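Below: the structure, in structure tokens.
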Amino acid sequence: MSFALLFFFLLWYYIVMKRKVYLSQLASAPLIDYLNNNGFEPALLTGRSPDGAPSPVHEAISSHADIYMCRLGLWEDAAIFTGDAHRLGSDYPQDIVYNAVCTEKFFIHNLKYTDESLMRAAEEWHAARFQREPVCRRRELRFISVPQGYTRCCCLPVDDSAFITSDEGIAKALDRAGADVLPIQKGHIALPGFDYGFIGGCAGHLSLQDINDPGAARRVIVFNGDLASHPDFQDIMTFIKDCGIEPIYFSDCPLTDIGSILAE
């Protein structure tokens, strides 16, 4: 491909094919700039339900994307499930029915409270994802129940079977399931209205175009704020990089839980 064709392809891609990223209006300016500069369209949640109605959940988390949505999968074939905000309530567990983690291998949540439509959507997404695979390579989506209902907030999936969490119950359940888990210290992440926030709530997965190879994707986990401020920074960086993923963070902003960064 000539330089001119490559230039116009990338220009067309960034203008016409921008992918939406759902995140709180409280996201940092450097994060929003980064998304805009890398082919994404930030869809900022304002504290109202995605349909524009007043949010029924606690004001402090009312702009959090992972309260209303669940990302099915992590990378190029992922899909966004948007729940019915009218099924949510202001108190636990009515506010956590969609706050699950879904990878190609695991669906993780407090399954006593998971909305049934989300579980069906996860199974259908998983079946469609693997129907192209030979029968010998197909696998069932494994449902893992954990005590913590704010699962997506408390657990950052790094890849399909690798996770970072400060929650002991999640860590134990995933360890029993054979997943690779990095336990980290609680706290050291801001969450306005609460004592502290969580690692999953300040991060999200992006597949970026490789400017040198438009057909290839660069896998990134982006953080809202300064990951280097966390006492387990080096362990987190090593864990993510060992999965072949690039961590991106912004040193001029506090590391803050904004209810996840969910890209289409």
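Within the group Asp33, Asp77, which residue is closer than 27 Å to Ala216 by Cα and either aromatic (Phe, Trp, Tyr) or within 18 Å of the chain's Cα centre (by Cα) (or both)?
On the way: Asp33 fails: either aromatic (Phe, Trp, Tyr) or within 18 Å of the chain's Cα centre (by Cα) (or both).
None of the others qualify; the one that does is Asp77.
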Fill in the blank from the handout: Per the list (1) open to solvent by less than 50 Å² (accessible area, probe 1.4 Å); (2) under 25 Å from Thr256 (Cα atoms), residue check on Gln185 breaks on (1)
Completion exercise
For the range 72-118, the count of residues that are open to solvent by less than 20 Å² (accessible area, probe 1.4 Å) and either outside any loop (DSSP other than H, G, I, E, B) or of a type in the set (Ser, Thr, Tyr) (or both) equals 12
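Go through the range 224-243 and give me each residue that's touching a residue at least 40 places away in the same chain (Cβ under 8 Å) and out of contact with any Asp or Glu (no Cβ under 7 Å at 6 or more places or on another chain).
Our first condition is that a residue be touching a residue at least 40 places away in the same chain (Cβ under 8 Å); within the range 224-243, this holds for 224-225, 229-232, 235-236, 239-240, 243.
Within the range 224-243, Asn224, Gly225, Ser229, His230, Pro231, Asp232, Asp235, Ile236, Phe239, Ile240 qualify.
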Problem - Identity of the residue in the range 223-252, of a type in the set (Ser, Thr, Tyr) and in a loop (DSSP other than H, G, I, E, B), that ends up most open to solvent (accessible area, probe 1.4 Å) - result: Ser251
Problem - Residue in the range 212-225 that is more than 21 Å from Ala78 (Cβ to Cβ) and either at pLDDT 95 or above or among the basic types (Lys, Arg) (or both) present - result: yes
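The values are calculated or read from the model by the stated rules, or taken from the named source; none is laboratory data. These numbers come from a predicted model, not from an experiment. So basically every Cβ, Gly included, is an ideal-geometry build from the backbone, and we count neighbours across all protein chains shown. Areas reflect the complete protein model, heavy atoms only, side chains present, ligands, DNA and RNA absent. Shrake-Rupley method; radii C 1.70, N 1.55, O 1.52, S 1.80 Å.
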